[in-house]
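Reading through the structure tokens given below for one structure.
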Amino acid sequence: MNSLWSDSHVGKIADNPLQLRVYSSRLLGQDPDLVLHGGGNTSVKITEKDLFGQDEEILYVKGSGWDLGDIEAEGFAPVKLKILQHMAGLESLTDSDMVSMQRAAMTNPYAPNPSVEAVLHAIIPFKFVDHTHADAVVTITNTPNGEDKIKQIYGERVLIVPYVMPGFVLAKKIYEMTRDIEWTQYDGMVLLNHGVFSFDDDAKASYEKMIEIVSRAEDYIAANTTSIVNADNNAMPDLQALAVIRQQVSTLRGSAVYALMDNGAEACSYASLDNVDAISSRGPLTPDHIIRTKQLPLMIDQGDTEVNDYADAYQAYFDKNASQQQVCLDRAPRWAVWKHQGLISFGTSLKEANIISDISGHTIQAIQMAEQLGGWQALPENDLFDMEYWELEQAKLNKSKTSPEFQGKIALVTGAGSGIGKACVEALLEKGAAVAALDIDPAIRGTFNRQEVLEIVCDVTDDAVLKNAVEETVRHFGGLDILVTNAGIFTANENIEDMNDDTWQLAMDVNLTSHQRLMKYGIPYLRHGIEPAIIIIASKNVPAPGPGASAYSAAKAGLTQLARVAAFELGKDNIRVNTIHPNAVFDTAVWSEEMLEGRAKNYGISVEEYKANNVLHTEVTSKNVAEMACAMAGRAFAKTTGSQVPVDGGNDRVI
Ligand SMILES: [Zn+2]
């Protein structure tokens with residue numbers, strides 16, 4: 001591991017300790033081998049003038065909720081150093097009280113809550129204190145005789161601290177261990193099964209001590225292990241099985257989840273190890289991961305009872321370790337080892353699932369290294385339980401959380417590049433869903449540009465491409481819950497006797513057959529979806545056709561009939577099928593200003609009057625149709641299938 005410190009970068013901020021603190025915290029936070037997602041913390045001690053002009057020592061310590069990788073100055077909470085130091089001398093203190101006292105000792109009431117390791121930072125008598133959960137160091141301590149190995153690597157230059165819970169107990173322990181020591185003899189501290197501290201009065205020196213300590217651990221591992229050989233894997237996972245696993249985990253969690261499948265070489269090789277069951281059943285890399293990953297992953301081999309077995313085992317673990325007032329968390333796994341296939345990470349948001357994916361990726365590397373160093377050995381179950389059921393974590397459970405209606409849900413929308421389809425994607429996103437957005441126009445790529453949207457160029461009339469798009473969606477997010485089958489083409493101004501065969505065929509292919517095929521490919525996954533729904537975008541032309549549009553109207557009428565039959569066929573699977581008949585939606589790619597002006601002129605009215613030429617005298621927009629699609633996908637239509645609902649401002653021929 002190399003130092004990333006740049007003197008030239010630091011030039012401008014060399015005299016500003018808080019800015020230096022921000023700079024080197026980011027250097028630490030940007031290396032996932034040092035800290036992952038909110039792990040680790042840093043601080044700087046600064047003497048400032050208080051309101052009355054008196055000098056006061058302030059500890060600026062990382063605020064909770066901030067990530068070292070992108071922390072700003074306002075991410076550090078300023079706390080009166082003296083008060084924190086006095087707290088370390090208290091006989092006992094609950095962590096909840098510690099958090100309250102830390103907050104009360106802040107000089108800026110608007111700053112974030114100080115880190116739970118603030119008291120520990122306060123008693124280390126150096127200006128800069130850096131703390132990480134470096135993989136290499138923790139891996140070595142998670143082996144038999146880990147402590148001896150640490151002594152062998154560092155000699156007397158680091159203080160070794162046995163594992164205790166983070167928070168007040170840890171601060172107190174170190175306070176007592178260090179009362180009579182000369183701190184300058186140490187470059188840092190290794191906290192067994194937890195992480196590393198380095199410290200110095202100089203920001204660069206403290207940072208580089210951290211890099212040096214971690215590098216020595218990395219060198220030790222390199223010298224005592226052989227690198228892992230991972231076989232390339234290009235196989236497509238069993239998508240049907242993936243959707244079933246996701247459904248079972250969602251049910252157990254009480255909320256739809258994404259199931260991100262990693263079957264890359266590293267994940268697949270790990271999942272193919274002969275002893276994968278044994279080495280996966282020992283616990284996490286560091287105890288702070290348990291809050292995100294739970295103690296153990298789900299092991300999937302064959303059979304459908306594994307998710308329920310996991311839930312039973314989790315309940316037994318809770319019953320064995322819990323005290324009376326503790327509340328059992330949901331019993332759903334956060335990640336899975338799917339034998340010979342790879343890893344799956346679950347999350348009610350993509351953010352959560354991605355964090356878990358990062359952590360599990362680091363965990364499987366650490367496990368395999370530790371196996372070569374004598375055997376992977378995580379903390380005992382009761383220590384892990386204490387961390388998972390920490391009072392500070394349990395307190396968060398009581399805060400009511402409102403989540404968006406489609407959180408964790410997966411939708412697929414065709415014709416998503418413009419008009420109604422695009423509005424549907426936006427409305428679904430707003431309600432928390434992840435969406436596969438299909439469009440024939442390659443400009444779909446980059447239209448939404450966010451991780452919740454999978455943008456796929458797809459000609460819905462190309463059978464193989466359409467099938468692939470559905471599979472890609474399941475592969476990417478783990479399943480399928482909502483299908484908005486919208487892609488369409490308007491063909492008109494050809495009477496039946498003059499109908500061009502190509503026009504007729506195109507209208508049928510796009511407006512009817514492609515919808516049937518999309519349903520055909522989607523249904524096997526929707527069957528294992530969460531409250532699954534199909535929304536068909538048909539047309540006002542079905543109940544109220546006009547001359548010159550026979551191909552369009554006949555295809556849309558066929559589509560409506562298809563939806564009615566689908567409602568019958570899919571009722572047994574709880575898949576709801578409902579149809580929208582939009583009319584006069586002018587903010588779509590179909591309608592140009594020129595066309596609108598022409599139509600309005602034809603009727604001798606203004607464009608505005610033409611647009612609102614309906615019973616309600618209102619303009620109908622794509623967004624109005626998208627809101628109806630969301631209603632049909634959600635709770636409002638939970639008990640409705642086979643319906644046809646107009647979104648047209650009221651049409652006198654339909655009413
Ligand atoms: Zn820590």
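Please identify the pairs in which a residue from the range 261-273 that is in a helix (DSSP H, G or I) has its Cβ atom under 7 Å from the Cβ atom of a residue that is among the basic types (Lys, Arg), counting only partners at least 6 apart or on another chain.
As it stands, the answer is Ala271/Lys339, since those pairs meet every condition given.
Do you know which residues across the range 373-390 are of a type outside the set (D, E, K, R), part of a helix (DSSP H, G or I) and open to solvent by 10 Å² or more (accessible area, probe 1.4 Å)?
Asn382
Could you tell me how many of the residues in the range 616-626 are open to solvent by 60 Å² or more (accessible area, probe 1.4 Å) and touching a helix residue (DSSP H, G or I) at 6+ places or on another chain (Cβ under 6 Å)?
Number satisfying all stated conditions: 2.
Against the definition (in a loop (DSSP other than H, G, I, E, B), more than 21 Å from Leu428 (Cα to Cα) and open to solvent by 50 Å² or more (accessible area, probe 1.4 Å)), how does Asn651 come out, yes or no?
Considered against the rule, which asks whether it is in a loop (DSSP other than H, G, I, E, B), more than 21 Å from Leu428 (Cα to Cα) and open to solvent by 50 Å² or more (accessible area, probe 1.4 Å), Asn651 comes out as no.
Kindly evaluate Gly417 against the criterion of being at positive phi and either in the same structural domain as Leu296 (by TED's automatic domain parsing) or open to solvent by 20 Å² or more (accessible area, probe 1.4 Å) (or both).
no
Go through the range 104-130 and give me each residue that's touching a strand residue (DSSP E or B) at 6+ places or on another chain (Cβ under 7 Å) and more than 16 Å from the ligand (Cβ to nearest atom).
Matches in the range 104-130: Ala105, Met106, Thr107, Asn108, Ala111, Pro112, Phe126, Lys127, Phe128.
Answer with yes or no whether Ala566 is closer than 30 Å to Pro524 by Cβ and in the same structural domain as Ile489 (by TED's automatic domain parsing).
Here the answer is yes, as Ala566 does meet what is asked.
List the residue pairs whose Cβ atoms are under 9 Å apart, where the first residue sits in the range 481-498 and is under 30 Å from Gln247 (Cα atoms), the second is of a type in the set (Phe, Trp, Tyr), and the two are 6 or more positions apart or on different chains.
Partner pairs satisfying both residue conditions: Asp481/Phe406; Asp481/Tyr525; Ile482/Phe406.
Please go through the range 97-123 and give me each residue that is β-branched (Val, Ile, Thr) and open to solvent by less than 30 Å² (accessible area, probe 1.4 Å), ordered by number.
Correct list: Val119, Ile123.
What are the residue pairs meeting all of these: first residue in the range 591-606, first residue farther than 16 Å from Ala492 by Cβ, second residue open to solvent by less than 70 Å² (accessible area, probe 1.4 Å) and in a loop (DSSP other than H, G, I, E, B), Cβ atoms under 8 Å, and 6 or more apart or on different chains?
Ala600/Ser606
Being farther than 17 Å from Val22 by Cα and charged (D, E, K, R) is the filter here, so list the residues in the range 178-208 that pass it.
Arg179, Asp180, Glu182, Asp187, listed by residue number.
Considering only residues that are in contact with a Gly (Cβ under 8 Å, 6 or more places away or on another chain) and under 18 Å from Lys209 (Cβ atoms), look in the range 131-154 and name the one that is farthest from the ligand (Cβ to nearest atom).
Going through the qualifying residues, I end up with Ile140.
Just the residues that are open to solvent by 40 Å² or more (accessible area, probe 1.4 Å), assigned to a loop (DSSP other than H, G, I, E, B) and not β-branched (Val, Ile, Thr), please, taken from the range 187-232.
Selection gives Asp201, Asp202, Ser227, Asn230, Ala231, Asp232.
Mind listing whichever residues of the range 161-186 are touching a strand residue (DSSP E or B) at 6+ places or on another chain (Cβ under 8 Å), open to solvent by less than 60 Å² (accessible area, probe 1.4 Å) and within 16 Å of the ligand (Cβ to nearest atom)?
Val161, Tyr163, Leu170, Ile174
Is the range 194-205 home to any residue that is assigned by TED's automatic domain parsing to the domain that holds Leu27, within 16 Å of the ligand (Cβ to nearest atom), over 21 Å from Ile123 (Cα atoms) and touching a residue at least 40 places away in the same chain (Cβ under 8 Å)?
Among the residues of the range 194-205, not one is assigned by TED's automatic domain parsing to the domain that holds Leu27, within 16 Å of the ligand (Cβ to nearest atom), over 21 Å from Ile123 (Cα atoms) and touching a residue at least 40 places away in the same chain (Cβ under 8 Å), which makes the answer no.
Note down all Cβ pairs under 7 Å where the first residue falls in the range 22-51 and is at pLDDT 90 or above and of a type in the set (D, E, K, R), the second is within 16 Å of the ligand (Cβ to nearest atom) and open to solvent by 20 Å² or more (accessible area, probe 1.4 Å), and they're at least six residues apart or on different chains.
Here the result reads Asp33/Asp135, each pair linking the range 22-51 to a residue that is within 16 Å of the ligand (Cβ to nearest atom) and open to solvent by 20 Å² or more (accessible area, probe 1.4 Å).
Which members of the range 21-33 meet the condition of being open to solvent by 20 Å² or more (accessible area, probe 1.4 Å) and away from the ligand (no atom under 16 Å from the Cβ)?
Matches in the range 21-33: Tyr23, Arg26, Gln30.
Being open to solvent by less than 70 Å² (accessible area, probe 1.4 Å) and hydroxyl-bearing (Ser, Thr, Tyr) is the filter; apply it to the range 287-310 and report the residue that is farthest from the ligand (Cβ to nearest atom).
Tyr310
Does any residue of the range 413-420 turn out to be under 19 Å from Leu480 (Cα atoms), at pLDDT 95 or above and outside any loop (DSSP other than H, G, I, E, B)?
Yes.
Out of the residues in the range 34-51 meeting the condition of being assigned to a loop (DSSP other than H, G, I, E, B) and away from the ligand (no atom under 15 Å from the Cβ), tell me which one is surrounded by the most Cβ atoms within 10 Å (Cβ to Cβ).
Among them, the one singled out is Asp50.
Can you tell me which residue among Ala538, Ala554 is crowded, with 18+ Cβ neighbours inside 10 Å, of a type in the set (A, V, I, L, M) and free of Cβ contacts under 8 Å to residues at least 60 places away in the same chain?
Testing whether each residue is crowded, with 18+ Cβ neighbours inside 10 Å, of a type in the set (A, V, I, L, M) and free of Cβ contacts under 8 Å to residues at least 60 places away in the same chain leaves just Ala554.
Take the conditions farther than 20 Å from Asp201 by Cβ, touching a Ser or Thr at 6+ places or on another chain (Cβ under 9 Å) and not aliphatic (A, V, I, L, M) and apply them to Gly65. Does it pass?
Criteria not met by Gly65.
Report whether or not Asn583 is under 22 Å from Leu559 (Cβ atoms), open to solvent by less than 50 Å² (accessible area, probe 1.4 Å) and not acidic (Asp, Glu).
Yes, satisfied.
May I ask you to list the residues in the range 286-332 that are assigned to a helix (DSSP H, G or I) and touching a Leu at 6+ places or on another chain (Cβ under 7 Å)?
Pro287, Ile290, Glu306, Val307, Tyr310, Ala311, listed by residue number.
The values are calculated or read from the model by the stated rules, or taken from the named source; none is laboratory data. Bear in mind that the values here come from a model prediction, so they are computed numbers and not experimental data. Every residue, glycine among them, receives a Cβ derived from its backbone with ideal geometry; neighbour counts consider all protein chains shown. Note: areas computed on protein heavy atoms with side chains; ligands, DNA, RNA excluded. Shrake-Rupley method; radii C 1.70, N 1.55, O 1.52, S 1.80 Å.
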